[in-house]
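The values are calculated or read from the model by the stated rules, or taken from the named source; none is laboratory data. Owing to the predicted nature of the structure, the values given are computational and were not obtained by experimental measurement. When we count neighbours, we look across all protein chains shown, and the Cβ atoms used for this are built from the backbone with ideal geometry, even at glycine.
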Amino acid sequence: MLKKFIYASLIVFISGTAAAQSPAENYIENYKEVAVSTMNQHGIPASVILGIAIHESASGTSRIAKYLNNHFGLKGKSGPKPIKSAYKGYEEVDDCYDDFVSYLKTRFSGLFNRYSSDDYRGWALGIQRGGYAHSRSWASQVMGIIKKYNLDQFDQSSGSTAKSSILAAGKMESKQSEPVVYYVRRGDTLARLAQRFRTTVKEIKNKNGLSSSLLDIGQRLHL
């Protein structure tokens with residue numbers, strides 16, 4: 001009888017612990033893989049993606065999150081809209097994540113060359129300075145969410161891969177006298193590549209016919 005009581009008590013305790021998980025924690029569990037995938041593709045810290053989404057959508061519980069699948073407060077007329085709203089509507093939440101990246105690349109393109117995917121402070125402050133939100137405390141609030149839930153742990157997901165890539169590029173440079181074919185990776189900028197391969201930004205641009213310093217993940221460069 002005593003064993004049954006203890007067993008039942010443990011079940012109640014475990015169930016109660018699971019039920020006590022906050023909306024933000026549930027959100028992180030549901031969307032952390034999407035955030036990391038987005039980071040690896042485009043170079044935006046996963047912590048920033050999750051932090052902004054949690055802040056703007058009230059952890060996925062806001063009205064526009066529930067009815068429009070809009071987790072970033074993006075305004076516009078496109079997409080399905082079951083409710084009247086000035087905000088965009090999306091078929092799936094993943095579509096909103098993709099649109100958020102497109103918005104950042106259009107309006108905040110300079111951030112992609114200026115900050116790496118492990119610099120969430122630089123990204124948060126840069127997005128605020130660019131006018132993403134009217135509140136002066138917006139970046140502080142997003143960074144507070146990142147710190148509270150230790151979201152920067154997700155920014156390290158591909159850190160070892162990036163380090164290996166840098167070492168590999170260095171070995172290629174030392175072994176080859178001919179131009180190196182290099183594929184742009186997360187966090188790369190023309191300035192960093194110029195320093196790594198002992199050349200100049202101008203020379204890289206000339207070799208590759210570039211008119212802009214903006215790089216895309218997977219872009220092929222001759223160095």
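Taken together, the criteria exclude residue 119 from residues that are surrounded by 15 or more Cβ atoms within 10 Å (Cβ to Cβ) and in contact with a Lys or Arg (Cβ under 9 Å, 6 or more places away or on another chain). In the stretch 137-156, the count of residues that are modelled with pLDDT under 90 and either acidic (Asp, Glu) or more than 17 Å from the chain's Cα centre (by Cα) (or both) is zero. Where helices (runs of 4 or more DSSP H) fall entirely within the stretch 50-167, those with at least 1 residues that are in contact with a strand residue (DSSP E or B) (Cβ under 7 Å, 6 or more places away or on another chain) are at 63-68.
Among the residues examined, residue 223 qualifies as modelled with pLDDT of 75 or more and either closer than 20 Å to residue 38 by Cα or not aromatic (Phe, Trp, Tyr) (or both). Close Cβ contacts (under 8 Å, 6 or more residues apart or on different chains) running from residues in the stretch 186-197 that are at positive phi to residues that are hydroxyl-bearing (Ser, Thr, Tyr) comprise 187/116; 187/117. Report whether or not residue 111 is modelled with pLDDT of 95 or more and under 20 Å from residue 132 (Cβ atoms). Against the criterion (modelled with pLDDT of 95 or more and under 20 Å from residue 132 (Cβ atoms)), residue 111 does not qualify.
Tell me yes or no: at least one residue of the stretch 77-93 is crowded, with 21+ Cβ neighbours inside 10 Å and closer than 30 Å to residue 213 by Cα. No, the stretch 77-93 has no match at all. Among the residues of the stretch 195-203, is any within 16 Å of residue 116 (Cα to Cα) and surrounded by 14 or more Cβ atoms within 10 Å (Cβ to Cβ)? Within the stretch 195-203, one or more residues are within 16 Å of residue 116 (Cα to Cα) and surrounded by 14 or more Cβ atoms within 10 Å (Cβ to Cβ).
Of note, residue 46 satisfies the criterion of being in contact with a helix residue (DSSP H, G or I) (Cβ under 9 Å, 6 or more places away or on another chain), under 24 Å from residue 215 (Cβ atoms) and crowded, with 21+ Cβ neighbours inside 10 Å.
Taken together, 97, 103 contain a single residue that is within 14 Å of the chain's Cα centre (by Cα), in the same structural domain as residue 32 (by TED's automatic domain parsing), surrounded by fewer than 19 Cβ atoms within 10 Å (Cβ to Cβ) and closer than 19 Å to residue 79 by Cβ, which is 103.
Inspection of the stretch 55-73 finds no residue satisfying the criterion of being more than 21 Å from residue 127 (Cα to Cα) and at pLDDT below 95.
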